[in-house]
Structures are given as C-alpha cells and as structure tokens.
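J.: Take a look at the following structure, please.
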C-alpha cells in the first residue's frame, strides 16, 4: 500500500519544480531572451534546468494560458508573437485594475509589507543615475508585483501579473528607443509614498497615470 505522505511529498516536489520552470521560462519570454516565434523544446529546457519533462510541461501549460507561448498540435510549442495592436487593450485593462490595486494596497498594506516598501524606496533612490537597464527593469517589475500583492486580492493579483508580463514584452521590444525609461521607473516612488501614507485615491491616480504615459511613450517610438 502506498504511503500517502510519500505521494504528497512527491507531488509537492513536482509542484516546486514546475513553479521554478514557470518562473525561468516566464522571465526568458518576457525579456525576449526567447525571441517571439522561437520554438520551445521541452527536453532542452529540462536539461538546462536539470529537471524532467513533466514540470516543464506543466509550466508551459501555465504560460499558454497567459498568452506567453502558443501550442500547435503536432507542430510544437513556440514563444507567442508580439502584436502591437494589443497594446491599447492591455493598457486599458491595466489602467483600470492597477489603479484599483494601488487603492487597495494603500488600504490593506501590512506592517511587514511596510518594511518591504521602505526597502523598495531605498533601492529606487539608489538606482538614480544607473545605466544598468536590466537591473532597473527588474526593480520596476518587483514594484508592480509588490503592489499587486499588497492589494490582498489573489484574483486581482493573478490577472494583473498576466497583463503586466504582456506589457513587459512590448517594453523590451522597444526599450532601446524609449527616451524616458529611468523617469518612468522612478515614478514609482510617488505611488509607493502614497500607499505608505494611506492615500488611496492619490495612489490610484498616480499609477493609472503611469500606465497611460507608458502606452503613450511606446506608441511614440513605433
């Protein structure tokens, strides 16, 4: 008879591997290290991440649901193409929901999260003048995901994470042509300050404005 605890441990281990595969593939897709349209080989990815095909396959299923990969029967899996016409739709969703997330974050932030917010503000200040685009983009992503988490609504967090990842792909596509990248990232100091002060309406307005500016600047270089 199978020991239930052993089965549970094995299932948990597979889940952890699938999560790791998902995060690694997501980051490669979002930053275009896996270019749009490129094939994704489960065996190759498994060897690179030192894991079997099952967790990689589970990660790919999640990524397909998030429109980051496209699975064609009998043809294989490919990094999804980037459709610039989707920008308006993505920004429309983000403008409404991110503002709401910032509003809720200002209402619901915990004491532990306040410490994390303070650390993010320190990092943002320290990054002024940097020419390390990759580090700056990673910091930008952490701030957004932090705000989603502080909103304390897992459905909102999941939805916004998905749309943010799609936005990042477009951002990376034109990043070398964006004139105000550093200014856009440092706008987050204002929204974090508003969240810390409990100024929910202000936090919502600032972040919604940030999304609108993001779309406008992307369009200006297309």
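The values are calculated or read from the model by the stated rules, or taken from the named source; none is laboratory data. In this text, all values refer to a predicted model and were calculated from it rather than measured experimentally. As a convention, Cβ positions derive from the backbone with ideal geometry for all residues, glycine included, and neighbour counts pool all protein chains shown.
J.: Return yes when residue 111 is free of Cβ contacts under 8 Å to residues at least 24 places away in the same chain, over 21 Å from residue 217 (Cα atoms) and within 20 Å of the chain's Cα centre (by Cα) and no when it is not.
T.: no
J.: All but one of (1) under 24 Å from residue 221 (Cβ atoms); (2) without any contact (Cβ under 8 Å) to a residue 40 or more places away in the chain; (3) assigned to a loop (DSSP other than H, G, I, E, B) hold for residue 89; state the number of the condition that does not hold.
T.: If we test residue 89 against (1) under 24 Å from residue 221 (Cβ atoms); (2) without any contact (Cβ under 8 Å) to a residue 40 or more places away in the chain; (3) assigned to a loop (DSSP other than H, G, I, E, B), just (3) comes out false.
Yes/no per residue for (1) buried (at least 17 other Cβ atoms within 10 Å of the Cβ); (2) at pLDDT below 90; (3) over 14 Å from residue 98 (Cβ atoms):
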{"position": "148", "(1), (2), (3)": "yes, no, no"}
{"position": "159", "(1), (2), (3)": "no, no, no"}
{"position": "179", "(1), (2), (3)": "no, yes, yes"}
{"position": "183", "(1), (2), (3)": "no, yes, yes"}
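J.: Please count how many residues of the range 198-212 are more than 16 Å from residue 146 (Cα to Cα), more than 18 Å from the chain's Cα centre (by Cα) and surrounded by fewer than 18 Cβ atoms within 10 Å (Cβ to Cβ).
T.: Counting residues in the range 198-212 that are more than 16 Å from residue 146 (Cα to Cα), more than 18 Å from the chain's Cα centre (by Cα) and surrounded by fewer than 18 Cβ atoms within 10 Å (Cβ to Cβ) gives 4.
J.: Further, regarding this structure: Pairs only if they're at least six apart or on different chains, beta carbon under 6 angstrom, first in the range 59-80 and without any contact (Cβ under 8 Å) to a residue 12 or more places away in the chain, second in a strand (DSSP E or B) and surrounded by 16 or more Cβ atoms within 10 Å (Cβ to Cβ); list them, first residue then second.
T.: The qualifying pairs are 70/78; 71/77.
J.: Same structure again: Would you call residue 152 part of a helix (DSSP H, G or I), in the same structural domain as residue 182 (by TED's automatic domain parsing) and under 30 Å from residue 202 (Cβ atoms)?
T.: Against the criterion (part of a helix (DSSP H, G or I), in the same structural domain as residue 182 (by TED's automatic domain parsing) and under 30 Å from residue 202 (Cβ atoms)), residue 152 does not qualify.
J.: Another question about this same structure. Just to be sure I understand, how many residues within the range 110-146 are surrounded by 14 or more Cβ atoms within 10 Å (Cβ to Cβ), assigned to a loop (DSSP other than H, G, I, E, B) and modelled with pLDDT of 95 or more?
T.: Going through the range 110-146 one residue at a time, the tally reaches 0.
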